[in-house]
1. I want to check the label-to-label distance for GLN212 and ALA144. Put each point 7 Å from Cα in the C-beta direction and report it in nm to one decimal.
2. Place a +1 charge on the Cβ of each Lys and Arg in the stretch 30-74 and a -1 charge on the Cβ of each Asp and Glu, then give the dipole magnitude about the Cα centre in debye, rounded to the nearest 20.
3. Tell me, what are the semi-axes, in whole angstrom and largest first, of the equivalent ellipsoid of the stretch 65-106 as set by the roots of 5 times the Cα gyration tensor eigenvalues?
4. For the stretch 11-100, what is the relative contact order in percent, using Cα pairs closer than 8 Å and at least 6 residues apart in sequence?
5. Would you mind getting the accessible area per residue of the stretch 61-126, heavy atoms of the protein chains only, 1.4 Å probe, in Å²?
6. Give me the accessible area of TRP219, 1.4 Å probe, in Å² rounded to the nearest 10.
7. List the residues, sorted by chain then number, that are 5 or more residues from PHE224 or on another chain and whose placed amide H is less than 5 Å from its amide H.
8. How do the peptides 78-87, 242-251 rank, highest first, by the average count of neighbouring beta carbon atoms within 10 Å per residue?
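The values are calculated or read from the model by the stated rules, or taken from the named source; none is laboratory data. Since we're looking at a predicted model, the values are computed, not measured. Here Cβ is always computed from backbone atoms with ideal geometry, including for glycine, and neighbour counts include all displayed protein chains. Note: areas computed on protein heavy atoms with side chains; ligands, DNA, RNA excluded. Shrake-Rupley method; radii C 1.70, N 1.55, O 1.52, S 1.80 Å.
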Amino acid sequence: MFKVMEEYNWDSFVVMTSLYPGYEAYVDYIKSFTDTSYFMWDLQDVLSFDMSADTMNDIRARRLLQQIDAQVLLVYCSHEEAQYLFSLATEVGLTGPGYIWIIPSMAVGNPDILPPDSFPVGLISIITDRWRMSLRKRVRDGVAIVVKGVQSFRKQRGFIPEGHSDCQNPVKQSATNDSLFSIFHGVFCPAAIHLLCTNDSPISPGDCELVQHMLNVTWEHNDFSFNSNGYLVNPAMIVITLDRERQWDKVSFLDG
């Protein structure tokens with residue numbers, strides 16, 4: 001986000017958030033980054049308010065929006081809240097030529113379908129480059145992470161743990177067997193990798209050791225290194241913008 005803003009000298013901006021979970025951490029990060037950056041950022045204001053349709057909310061939101069003097073606006077909110085926000089922003093004249101809105105990927109929703117009518121043309125977001133990647137390619141990458149991790153584990157330990165479960169069945173851990181059940185459950189099911197080896201987890205030490213071999217994998221020149229929270233360390237991102245045909249267009253590539 002800041003790479004894009006710096007490139008175009010969008011140094012003066014306002015941050016606007018709903019009360020969506022994580023908004024305080026988002027604001028804290030923005031303030032910390034701008035305070036310590038070599039680039040001379042001008043964070044004019046931070047506005048956090050309820051973005052749900054309600055008469056009292058509407059009055060307060062309009063009042064806040066009317067006070068904005070910046071042309072670059074960073075937003076943190078959900079997809080539904082973004083629809084509400086842009087409806088009000090259009091009413092008070094904060095959309096159209098001269099205004100630059102940047103929203104998170106969660107506010108975009110599904111970029112393969114038409115966005116809500118309230119979303120203004122020129123709206124910008126930064127999302128993962130896996131947006132238009134086929135399901136086949138995603139599955140190949142997921143399998144490759146597991147296979148490369150197992151290969152690394154075998155090279156170091158000289159054996160491969162046995163697997164005893166899948167995503168469709170309840171998981172039961174053997175008291176004596178270091179199995180792959182938690183690994184495949186963690187990689188291919190909703191459970192995040194970083195939750196597998198917490199102090200109160202029933203996962204065996206052997207499984208946790210195998211997880212470690214999956215956290216730094218290179219596959220087909222792609223870096224699949226994960227941090228302690230289960231996110232990619234260097235994700236490849238793309239900048240998308242809403243064009244006049246109301247389609248999301250890829251405008252640039254950002255290497256993490």
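1. If labels sit at GLN212 and ALA144, their model points lie 2.5 nm apart.
2. Rounded to the nearest 20 debye, it is 60 debye.
3. They are 17, 12, 9 Å, listed from largest to smallest.
4. Relative contact order here is 39 percent.
5. 43 Å²
6. Around 60 Å² of this residue is reachable by solvent.
7. HN-HN under 5 Å from PHE224: VAL217, THR218, TRP219.
8. So the order, starting with the most tightly packed, is 78-87, 242-251.
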